[in-house]
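Before I ask anything, let me first share the structure, which is written out below as structure tokens.
The values are calculated or read from the model by the stated rules, or taken from the named source; none is laboratory data. The model shown is predicted, which means the values in this text are computed figures rather than measured ones. Here Cβ is always computed from backbone atoms with ideal geometry, including for glycine, and neighbour counts include all displayed protein chains. Protein only, heavy atoms only, side chains kept; ligands, DNA and RNA dropped before computing areas. Shrake-Rupley method; radii C 1.70, N 1.55, O 1.52, S 1.80 Å.
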Amino acid sequence: MSLEIQANERIFLSFYFLVDHNEDINAVTFDNAPENLQMTSNEIKKDIVSCAAVETTNIIIKEMGDILFSILIDESCDIFTKEQMAVVLRYVDKNGYVVEHFIGIEHVTSTTSISLKEALDKLFSRHGLSMSRLHRQGYDEASNM
């Protein structure tokens, strides 16, 4: 099971927990919703997870502000042998604590250094991050990184 699928399942389970423990939300979802609004199809689950991931990432990026940060990257294949790159941001918050946040998985065409750099550029562009604020990089000792 790929990391993206596992993350999606965790987010959906968190949503399900929220529904189960909040009376206002529970009153209009799942069993209490009209039959055509059950939100149980895979497509709707993916949309909910995607929205939650985008909002969470936006909050993380906003929380970082203009401080310097590091990235941790690991590349691997999923069960379908599709190449992917996991990206984590590490920074020191306003209180002096080291914080690490998983930002996402980028699918790459290959694990060559050029392909990984292009995927990283795309990720930075999508989230409004600047290479000039990148202080350090961490990898798993792979020669292509």
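Consider Arg90 carefully, then state whether it is modelled with pLDDT of 90 or more, open to solvent by 40 Å² or more (accessible area, probe 1.4 Å) and part of a strand (DSSP E or B).
yes
Scanning region 59-79 for residues that are free of Cβ contacts under 8 Å to residues at least 40 places away in the same chain and not aliphatic (A, V, I, L, M), which turns out farthest from Arg136 (Cα to Cα)?
Per the criteria, the residue is Cys77.
Filtering region 66-87 down to residues that are modelled with pLDDT of 85 or more and exposed (fewer than 15 other Cβ atoms within 10 Å of the Cβ), which residue is farthest from Glu100 (Cα to Cα)?
Asp66
So which residues in region 97-108 are open to solvent by less than 50 Å² (accessible area, probe 1.4 Å) and not in a strand (DSSP E or B)?
Val108
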